[in-house]
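Shown next, in structure tokens, is the structure this report addresses.
The values are calculated or read from the model by the stated rules, or taken from the named source; none is laboratory data. Because the structure is predicted, anything quoted here is derived from the model rather than measured. Cβ placement follows ideal geometry from the backbone for every residue including glycine, while neighbour counts extend to all protein chains displayed. SASA here: full protein model, heavy atoms, side chains in, ligands and nucleic acids out. Shrake-Rupley method; radii C 1.70, N 1.55, O 1.52, S 1.80 Å.
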Amino acid sequence: VYREVKGLTSSELEQVMLKATRPDDAPVKGKHVERLVGVTYQISGRYDIYDAVLRKLWSKMAEKDWRTTLKALYILHRFSADGAPDHQTALKARLRELRRTRDPKRKGAKFFNSKTLLSGDDSPEAKPYVEFMARYAHYVVLRAQCFGGMFSEISQETSGPPSSSRSSKSKAAATKPITATALRTENLEGAKMILKAGCACALKDDEVCESTAMCVERVVSDLIGLTTATAVALNRALKGGRDSKGADPAIVKKWCEFYSDELLPQTKGLMKRTTPELDAYGMFLPSRMGASVSGELLKKGLQGGDDEGEEAAAAAGEAKVTNSDVKEKKETEVKASEETAEAAKEEEAELEEVDDDDLYDEYSYDEYYDDEEA
């Protein structure tokens, strides 16, 4: 098995990577992306494939031609969105680790640092595309570190620990409330930053080409997926799903506000703005958003559980006591989630501080990890 892993992540991968990131105006071919991402489905999640994959991608991102850099970013985007679920956690962890590791081949600069990534082609013709690439790089790295797949961290239901000796009532009580898992506050903060970074990737007139359109198509698809995942989780919380018991109504209210006031309208707006640009290259977005939350349910969620606040609080207390046997596991999960949220916050703060002439000079969560190590 080790030999198979090494083979799929060395010579063969290198050949496909070279073809996929050629410095020309043609976009990445679908067959090359499928071959690269397909590796994650051929190898068990017990084996780390992303150290080799990310190092090769970084090598291509650091090249001088902006077209090669953009294509490498796109491939990382596809690994994050379409890679096998068994490897999603490994991708997030490995990318974070590399971002705080210095690359000896590039004068000690850290892997995936924006200064190296954007320091290639400085010709006047490339300038608008490099400006788009700065925004897209911010989105891709943020997305890859916060969420995997189509935002399964938000949409998937988390079950309590199985035990054949427990009654069905005990099993239900052992299930964590949805506001401690899918709809936790850290996921909300990450989703807000993903939405903001994604909307910033909208193409300006002088940035449109087939390769940039291909990138934006994936960003819009992501935001549609985020909207759907959020709707699925909110429906579960508001319709009384198995993990809705003990949910914090105040947190559910914040998610409803985000969904109705920001996520849904901004995603629809981005779809409307980008559709003509994508149509010109034969790229078509879905005509429908997928799962949605009814107005009646949103109204219920926006009330913040005023009528059932005391009951929900009591249920939350009961769940807390019942789940004491899984407290250590929960703390570990929360710690990992908070680390992701902190990394996202630091990067977002950097965007507020930089000047337009020095946009995305350095992702600030490099500094976050330096402080963490110290």
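Indicate the gyration tensor shape class of the range 57-99 (rounded, prolate or oblate), computed on the Cα atoms with a ≥ b ≥ c the square roots of the eigenvalues: a/c under 1.5 is rounded; otherwise a/b larger than b/c is prolate and the rest oblate. Oblate is the answer for the range 57-99, as a/c is 1.5 or above yet b/c matches or exceeds a/b. Mind listing which GluC sites (Glu not before Pro) in the range 74-158 are in a DSSP loop and have 12 or fewer other Cβ atoms within 10 Å? Counting only loop positions with at most 12 other Cβ atoms within 10 Å, the GluC sites (Glu not before Pro) in the range 74-158 are Glu125. Think of a 1.4 Å ball rolled over the protein heavy atoms: the range 15-104 then has 42 Å² of accessible area per residue.
When nucleic acids and ligands are ignored and a 1.4 Å probe is applied, Glu34 ends up with an accessible area of around 130 Å². Largest to smallest in accessible area, the residues Ser287, Ser11, Ser59 fall in the order Ser287, Ser11, Ser59 (1.4 Å probe, all protein chains included). If you bin all the Cα-Cα distances of the range 174-230 at 10 Å, starting from zero, the percentages per bin are 21, 39, 24, 12, 4, 1. Stretched out straight at 0.36 nm per residue, the stretch from Asp122 to Lys272 would grow longer than its current Cα-Cα span by 50.8 nm. When nucleic acids and ligands are ignored and a 1.4 Å probe is applied, Val37 ends up with an accessible area of around 10 Å².
Using Cα centres only, tell me the gap between the range 20-65 and the range 207-260 in whole Å. Measuring centre to centre over Cα atoms gives 27 Å. Report the calculated FRET efficiency for Glu14 and Tyr41 (r = Cβ-Cβ distance, R0 = 30 Å), to the nearest 0.05. According to the calculation, E is roughly 0.95.
Sequentially through the range 114-121, phi angles give Karplus couplings (6.51, -1.76, 1.60; θ = phi - 60°) of 5, 4, 5, 4, 9, 9, x, 6 Hz, Gly and Pro residues having no value and appearing as x. Heavy-atom accessible area, probed at 1.4 angstrom with all protein chains present, ranks Asp206, Asp51 as Asp206, Asp51, highest first.
Take the Cα of Lys115, go 7 Å toward its beta carbon, and the backbone nitrogen atoms of the range 31-75 under 17 Å from that spot belong to 62-63. Within the assembled protein chains, the solvent-accessible surface assigned to Arg55 is about 100 Å², based on a 1.4 Å probe.
Pairs spanning more than 24 Å between alpha-carbon atoms, out of Lys245/Lys300; Lys19/Lys56; Lys64/Lys127; Lys196/Lys245; Lys71/Lys92; Lys56/Lys192: Lys196/Lys245; Lys56/Lys192.
What does the C-alpha gyration tensor say about the overall shape of the range 5-82? Classify as rounded when a/c is under 1.5, otherwise prolate if a/b is larger than b/c, or oblate. Verdict is prolate for the range 5-82. Distant-in-sequence amide contacts of Lys110, defined by a placed amide H-H separation under 5 Å and a gap of 5 or more residues or a different chain, comprise Asp103. Rounded, prolate or oblate, given the Cα gyration tensor of the range 239-308, with a/c below 1.5 counting as rounded? Because a/c hits 1.5 or more and a/b exceeds b/c, the range 239-308 counts as prolate.
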